[in-house]
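Please read the structure below before turning to the comments.
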Amino acid sequence: MNWIFNRDRLPALRESKGLTQDAFAEQIGTSKQHVSRWETGDLVPSTSTIVKISNKFGVSPSYFFIQSDQYVVRHGAENG
């Protein structure tokens, strides 16, 4: 079983709080480009960033992951 970052959960939370990518990025100390790439699945946030995001929204870090039986190939390095 593999754990995969669920890219759909971040924009849903962000939008539910009325935050733009720019405003959210500023609040967690990153760039709009990183937020955009996380939300499109191009990048996965680092562990420390996931914890920061979780704290911001009051959810567990595990909220951002789903289990899959599929083999996962990671493209690029973690960033953010």
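So Gly76 passes all but one of these: (1) of a type outside the set (Asp, Glu); (2) assigned to a helix (DSSP H, G or I); (3) modelled with pLDDT under 95. Which condition number does it fail?
(2)
In region 7-38, how many are surrounded by 14 or more Cβ atoms within 10 Å (Cβ to Cβ) and closer than 24 Å to Gln67 by Cα?
The number of residues fulfilling the criteria is 11.
For a quick check of your reading of the model, give me the residue pairs whose first member lies in region 5-32 and is of a type outside the set (D, E, K, R), whose second is in a strand (DSSP E or B), with beta-carbon atoms closer than 8 Å and at least 6 apart or on different chains.
Note: pairs meeting the criteria are Phe5/Phe65; Asn6/Phe65; Asn6/Ile66.
The values are calculated or read from the model by the stated rules, or taken from the named source; none is laboratory data. Bear in mind the structure is a predicted one, so any value in this text is a computation, not a measurement. When we count neighbours, we look across all protein chains shown, and the Cβ atoms used for this are built from the backbone with ideal geometry, even at glycine.
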